[in-house]
Amino acid sequence: MVEQIIMSGSNTLNGFNFDHIVPNSGSDFSEQVCSCIKQLIAFIHPEGDLDYFVTQQTFFISAHSRDEYEERASEINDQLLALCGASLPATSIVAQSPGGGKDVVLELICTKASTDKKVTYKSHSGINYTVV
């Protein structure tokens, strides 16, 4: 099994920020996903203001079988849909165990909000994508 190595801190390239979210609570997969999503909301909307747009998000999850992967991916999708509705950025769910004994880690590619930038979330045939 491959274990993901998480870089500390955020990085920037061509106006896009790369960062990660590690669950800060939760003893099981569902609670850890919920923790990541709560942190995601706080990261994007600090104190209620729009600061960042997520252009790509990748969930790295532990899964020991195809059935477990599909169950966990479905749970992530359900939580994201409850939060965002149809306005989801490009999202990937990768069966690659995160380090540190966690069941899930969320990596983000974001762009800072500005008046001269338009970010639109779209979907085609069930595949979400982001237009900047």
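The values are calculated or read from the model by the stated rules, or taken from the named source; none is laboratory data. Computed from a predicted structure; not experimentally measured. No Cβ is skipped: glycine too gets one built from the backbone with ideal geometry, and neighbour counts run over all protein chains shown.
Laid out as a table, the results:
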quantity: Matching residues in the range 91-132 - criterion: being of a type in the set (D, E, K, R) and either more than 12 Å from residue 54 (Cβ to Cβ) or assigned to a loop (DSSP other than H, G, I, E, B) (or both); calculated: 102, 103, 116, 117, 118, 122
quantity: Number of the condition not met by residue 63 [criteria: (1) farther than 21 Å from residue 22 by Cα; (2) in contact with a Phe, Trp or Tyr (Cβ under 6 Å, 6 or more places away or on another chain); (3) assigned to a loop (DSSP other than H, G, I, E, B)]; calculated: (1)
quantity: Qualifying residue in the range 31-52 (condition: at pLDDT below 85, part of a strand (DSSP E or B) and under 24 Å from residue 101 (Cα atoms)); calculated: no
quantity: Count - residues of the range 105-132 that are among the β-branched types (Val, Ile, Thr), within 18 Å of residue 40 (Cβ to Cβ) and out of contact with any Gly (no Cβ under 9 Å at 6 or more places or on another chain); calculated: 3
quantity: Unique residue being under 19 Å from residue 128 (Cα atoms) and either surrounded by 16 or more Cβ atoms within 10 Å (Cβ to Cβ) or basic (Lys, Arg) (or both) when the list is 32, 79, 39, 56; calculated: 56
quantity: Flag for residue 76 being touching a Phe, Trp or Tyr at 6+ places or on another chain (Cβ under 6 Å), modelled with pLDDT of 80 or more and in a helix (DSSP H, G or I); calculated: yes
quantity: Any chance residue 88 is in a loop (DSSP other than H, G, I, E, B), at negative phi and surrounded by 12 or more Cβ atoms within 10 Å (Cβ to Cβ); calculated: yes
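Rundown of residues vs (1) under 23 Å from residue 20 (Cβ atoms); (2) modelled with pLDDT under 90; (3) not small (Gly, Ala, Ser), yes/no style:
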position	(1), (2), (3)
59	yes, no, yes
108	yes, yes, yes
124	no, yes, yes
132	yes, yes, yes
